[in-house]
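Below you'll find the structure, written out as structure tokens, and then a few comments.
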Amino acid sequence: MPKTILGKWSLGLITTMPVLFFIGPFLTNLLYKSVPAGNTILEDIVGRPALALTMLAAMVSGISALITGLIAVTKQKERAPLVYVAIIIGGLLMLFLAGEVLFPH
């Protein structure tokens, strides 16, 4: 388990990310069956705000876990393996998001 405050935050944020990713599609089936998906993120936020904001919050949570984990390891000398796992998962999320921006489909 992490010893530093930032290490604990990193672990909490990375565990929040999949919970939010699970809630997002659940909201689609529950609230937005008849609402079509937008072509852009802005259209999705306007048309299906609960879904879009939940998924964006999950992404922000993963990126924040990466940043807080890196700070905990470099500045505060955190050595907990779970913080390294949070950094790896956050890094993979960043890689995925970079791919989506550079090579949209």
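All of the numbers you see were taken from the coordinates with simple rules; none came from a lab. Just so it is clear, the structure is predicted and the values come from calculations on it, not from any experiment. Reconstructed Cβ throughout: ideal geometry from the backbone, glycine too, with neighbour counts over all protein chains shown.
Using the structure shown, decide if Thr16 is in a helix (DSSP H, G or I), of a type in the set (Ser, Thr, Tyr) and under 17 Å from the mean Cα position of the chain (by Cα). Answer is yes for this residue. Exactly one residue out of Gly90, Gly99 is more than 30 Å from Lys3 (Cα to Cα) and part of a helix (DSSP H, G or I): that is Gly99.
Do we have Glu78 as surrounded by fewer than 17 Cβ atoms within 10 Å (Cβ to Cβ) and acidic (Asp, Glu) here? Considered against the rule, which asks whether it is surrounded by fewer than 17 Cβ atoms within 10 Å (Cβ to Cβ) and acidic (Asp, Glu), Glu78 comes out as no. Taken over segment 57-75, residues that are over 12 Å from the mean Cα position of the chain (by Cα) and either loosely packed, with under 15 Cβ neighbours inside 10 Å or among the small types (Gly, Ala, Ser) (or both) amount to 4. Going by the conditions given, is Thr54 within 12 Å of the chain's Cα centre (by Cα) and of a type outside the set (A, V, I, L, M, F, W, C)? When the stated conditions are applied, Thr54 passes them.
Summed over segment 33-87, residues that are in contact with an Asp or Glu (Cβ under 6 Å, 6 or more places away or on another chain), over 18 Å from Gly7 (Cα atoms) and either assigned to a helix (DSSP H, G or I) or touching a residue at least 24 places away in the same chain (Cβ under 8 Å) (or both) total 1.
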